[in-house]
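These notes concern the structure reproduced below.
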Amino acid sequence: MADLNKQRIVESVPQRGFFGHPKGLFTLFFTEFWERFSYYGMKAILVYYMYYELSQGGLGMDESTALAIMSIYGSLVYMSGIIGGWLADRIFGASKAVFYGGILIMLGHIALAIPGSISLFFVSMVLIVLGTGLLKPNVSSVVGEIYSESDQRRDAGFSIFYMGINLGGFIAPLIVGTVGMNYNFHLGFSIAAVGMFLGLIIFIFTKKKNLGLAGTLVASPLSQAERKKVFPIVGLGAVLLAGIVAITITLGLLTFKSFIAIVGILGILIPTLYFIVMFRSPRTTSVERSRLIAYIPMFIAAIMFWAIQEQGSTILANYADKRTQLDFAGLHISPAWFQSLNPLFIIALAPLFAWLWIKLGKRQPTIPKKFALGLLFAGLSFLVILLPAYFGGEHSLVNPLWLVLSYFIVVLGELCLSPVGLSATTKLAPSAFSAQTMSLWFLSNAAAQAINAQIVRFYSPANEMVYFGVIGGAAILLSILLFSFSSKIQGYMKGIQ
């Protein structure tokens, strides 16, 4: 029945109108554009806001603490997608999840825009974490709904959608970064809030015409009996959790270090449990179980990839601030501007990759091989950035072109892995867990950043060659293993290309 309803949704949406794709892609493209503008604008200056001195408008945190918080923040943002996916699948559908999530994100940025204490900073974190968990996985799930399973445009559509994400990510650091770094952090955060507001306006006024029924179907709604059990349990669990947190903080048991450790464990444990629940569910067919088995090695590869890519906003952001020559070719470069490099290269290259996959057709690399290529490029991007220390030593300022090259190489990997991963997730997801499987995909990023929170403390200019070399080498080794077993993995995908 879920498959039949999904097919009706696909048929009810106009099939052409936005670059040869369904009109719904326009709505989702610009909703995610403005959401990513707000998120990446905030993210471009957040780490500097945390460790800059109070006299500079920051919070005055220790650098290593700020870097760990950034990783934990990113991990929790993607981990909260579990909540958003479950609510969409069981209660109100993906479309409402996107709307509610946008409101929470906007409120979070407003909280950051208000000059205040660290307490207000953590309030904003909670709002943005919950809001992104509602919006991020579900807007991608709706993209999958506007295409039929056999539509050859699906991968290309996700690449175009991914370009929209990165167009917002490119502009945001230039605007928010310049205002936040040169004038006032809080003014920069307020611009991020306006960005999310614009995203909500576009979604509200175009969804009915362009999306039709896409995103409105509740894949596996709670029965009345289940509702009577679930809501009291959730409420009681929230009260107990709040009580445990309050008591452990008072007793000194819940410290920042212990919290990092807890998130690190959850980053691995939660996706593991998710796979087990979906695999054992009676609502999952034998074909879908086989596809889940194929998904596991690609999920592990995605964790390794994101562990490198996400350090662009932590370790490499700090590298840009402390180790890079910022007066270059007669121009003073803001360290926040480097956050625009990743989306800039994606904007330039995403159409090329979308064209390439269509041009190759059935001759294109299989999904596992694309993942292996993504990992290979990620590993090379870290090997590149260790070279300046080898040639110039740990105390010299590095030519910014080394950073540019590193970001460029990792983007080649991202375009092989990330939009393909989004598309593969919609193809391999069990019907009863469609939105939740998209949440599981984002948990690969959560797991990666939870791991990063543990390892960023080992980075310093004195050992950066070892740091970048070990992580980059591990990614290349894993890419070789994945490529070697790609045919066997493809067999478990049961007809999905």
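Table for the structure above
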{"read-out": "Restraint check, 43/257; 96/209; 96/228, Cα-Cα greater than 19 Å", "value": "43/257; 96/228"}
{"read-out": "Counting all C-alpha pairs of segment 152-193, share separated by more than 11 Å (%)", "value": "65"}
{"read-out": "Solvent exposure ordering (accessible area, 1.4 Å, most first) of 283, 36, 90, 227", "value": "283, 227, 90, 36"}
{"read-out": "Where N is the number of residues in segment 239-347, Cα Rg divided by 2.2 N^0.38 Å", "value": "1.63"}
{"read-out": "Alpha-carbon centroids, segment 433-497 and segment 294-338: separation in whole Å", "value": "16"}
{"read-out": "Mean Cβ neighbour count within 10 Å, used as a protection proxy, ranking 327-337, 24-34 highest first", "value": "24-34, 327-337"}
{"read-out": "Mean Cβ neighbour count within 10 Å, used as a protection proxy, ranking 294-304, 316-326 highest first", "value": "294-304, 316-326"}
{"read-out": "Counted charge near residue 200, where neighbours are those whose Cβ lies closer than 13 Å (Asp, Glu -1; Lys, Arg +1)", "value": "0"}
{"read-out": "Accessible area per residue in Å² at 1.4 Å probe, computed on the chain", "value": "41"}
{"read-out": "Charged-residue dipole, Cβ positions (Lys, Arg, Asp, Glu), the chain about Cα centre, Debye nearest 20", "value": "1740"}
{"read-out": "Relative packing of 62-71, 405-414, 242-251, which averages over residues the other C-beta atoms within 10 Å, highest first", "value": "405-414, 62-71, 242-251"}
{"read-out": "For segment 228-247 versus segment 384-406, the gap between their alpha-carbon centres in whole angstrom", "value": "50"}
{"read-out": "Carbon and sulfur %, accessible surface of the chain computed with the full protein complex present, 1.4 Å", "value": "71"}
{"read-out": "Relative contact order %, the chain, counting alpha carbon pairs below 8 Å whose residues are six or more apart", "value": "25"}
{"read-out": "Cα-based Kirkwood hydrodynamic radius, segment 1-221, one decimal, Å", "value": "17.9"}
{"read-out": "For residue 398, residues with placed amide H under 5 Å, excluding near neighbours", "value": "324, 325"}
{"read-out": "Segment 213-271 - Rg and Dmax from Cα coordinates, angstrom", "value": "17.1, 51"}
{"read-out": "Size descriptor, Kirkwood hydrodynamic radius, that averages inverse alpha-carbon separations across the chain, Å", "value": "23.0"}
{"read-out": "Alpha-carbon centroids, segment 90-155 and segment 258-281: separation in whole Å", "value": "21"}
{"read-out": "Alpha-carbon Debye profile of segment 279-496, log10 I(q)/I(0) at 0.07, 0.12, 0.17, 0.18 Å⁻¹", "value": "-0.25, -0.67, -1.17, -1.27"}
{"read-out": "Square roots of five times the Cα gyration tensor eigenvalues for segment 299-356, Å", "value": "26, 18, 6"}
{"read-out": "For segment 184-258, with +1 on Lys and Arg beta carbons and -1 on Asp and Glu, the positive-most of 247, 196, 211 along the dipole", "value": "211"}
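The values are calculated or read from the model by the stated rules, or taken from the named source; none is laboratory data. Small disclaimer: the values here were computed from a predicted structure and weren't measured. Because the Cβ atoms are built from the backbone with ideal geometry, glycine has one as well, and the counts that use them run over all protein chains shown. Quick note on the areas: whole protein, heavy atoms, side chains included, nothing else; ligands and nucleic acids left out. Shrake-Rupley method; radii C 1.70, N 1.55, O 1.52, S 1.80 Å.
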